[in-house]
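**Q** Before I ask anything, here is the structure I am working with.
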Amino acid sequence: MHASCLNSGAITSPDAKAAAMMREQEERRELSLISDDYDTTLSLSPRMLYAYYNKGCLLLAMNDLTGAISAFSKALELRSDLGEAYYNRGLTYLRLGNREPGIADLSRAGEYGITPSYSVLKRMAR
């Protein structure tokens, strides 16, 4: 039997569920602390574009989609050729159901050399 079969998640004990909930709460707390660190960094250096970009990625991981879009947009205000920010903002727009700006950002990301954006666009055309 493979180890992955033992961890299928089909049957979990109450202790395992409690441990998973505790891990999830701890992860949320840590992500919140990191977000606070980015806020501090940006209050001291408001033109630090990679702090905005990284905060966008963090907010995306925290499922704060509108916050992520805002952070990616701020990074793009500071450097309009940051293809990675267009890519991530485009994917975030798509997750929100905003197809038109998502497609536009993914296309722009491709223009700046982020080639995975083309495969996302191709899948959407089907």
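Bear in mind these aren't lab numbers, they're just calculated from the coordinates by the rules spelled out. All of these numbers come straight from a predicted model, not from anything done at the bench. Every residue, glycine among them, receives a Cβ derived from its backbone with ideal geometry; neighbour counts consider all protein chains shown.
**Q** Do we have residue 73 as farther than 29 Å from residue 46 by Cα, out of contact with any Cys (no Cβ under 7 Å at 6 or more places or on another chain), without any contact (Cβ under 8 Å) to a residue 24 or more places away in the chain and among the small types (Gly, Ala, Ser) here?
**A** No; evaluated as a whole, the condition is false for this residue.
**Q** With the checklist (1) in contact with a helix residue (DSSP H, G or I) (Cβ under 6 Å, 6 or more places away or on another chain); (2) under 25 Å from residue 107 (Cα atoms) in hand, flag the one item residue 66 doesn't pass.
**A** So residue 66 meets the others, but not (1).
**Q** Residues that are touching a Lys or Arg at 6+ places or on another chain (Cβ under 7 Å): which helices (runs of 4 or more DSSP H) entirely in region 6-102 hold 3 or more of them?
**A** Where helices (runs of 4 or more DSSP H) fall fully within region 6-102 and carry at least 3 residues being touching a Lys or Arg at 6+ places or on another chain (Cβ under 7 Å), they are 65-78.
**Q** Taking the criterion of being among the polar types (S, T, N, Q) and either surrounded by fewer than 20 Cβ atoms within 10 Å (Cβ to Cβ) or over 27 Å from residue 34 (Cβ atoms) (or both), would at least one residue in region 85-95 satisfy it?
**A** Checking region 85-95: not a single residue is among the polar types (S, T, N, Q) and either surrounded by fewer than 20 Cβ atoms within 10 Å (Cβ to Cβ) or over 27 Å from residue 34 (Cβ atoms) (or both).
**Q** Considering only residues that are part of a loop (DSSP other than H, G, I, E, B) and at negative phi, look in region 103-121 and name the one that is surrounded by the fewest Cβ atoms within 10 Å (Cβ to Cβ).
**A** Among those that are part of a loop (DSSP other than H, G, I, E, B) and at negative phi, it is 115.
**Q** Collect the residues in region 47-83 that are under 17 Å from residue 120 (Cβ atoms) and over 11 Å from the mean Cα position of the chain (by Cα), keeping them in residue-number order.
**A** Passing the criteria: only 83.
**Q** Being of a type in the set (A, V, I, L, M) and within 18 Å of the chain's Cα centre (by Cα) is the filter here; which residues of region 14-46 pass it?
**A** 31, 33, 34
**Q** Pairs under 8 Å by beta carbon, first residue closer than 23 Å to residue 54 by Cα in region 16-32, partner among the hydrophobic types (A, V, I, L, M, F, W, C) and part of a helix (DSSP H, G or I), six or more apart or different chains?
**A** 31/58; 31/61
**Q** Considering only region 43-63, how many residues are more than 17 Å from residue 106 (Cα to Cα) and among the aromatic types (Phe, Trp, Tyr)?
**A** Of the residues in that region, 2 qualify.
**Q** Name the pairs: first residue in region 77-94 and closer than 13 Å to residue 110 by Cα, second residue surrounded by 21 or more Cβ atoms within 10 Å (Cβ to Cβ) and of a type in the set (Ser, Thr, Tyr), Cβ to Cβ under 6 Å, at least 6 apart or on different chains?
**A** 85/53; 87/117
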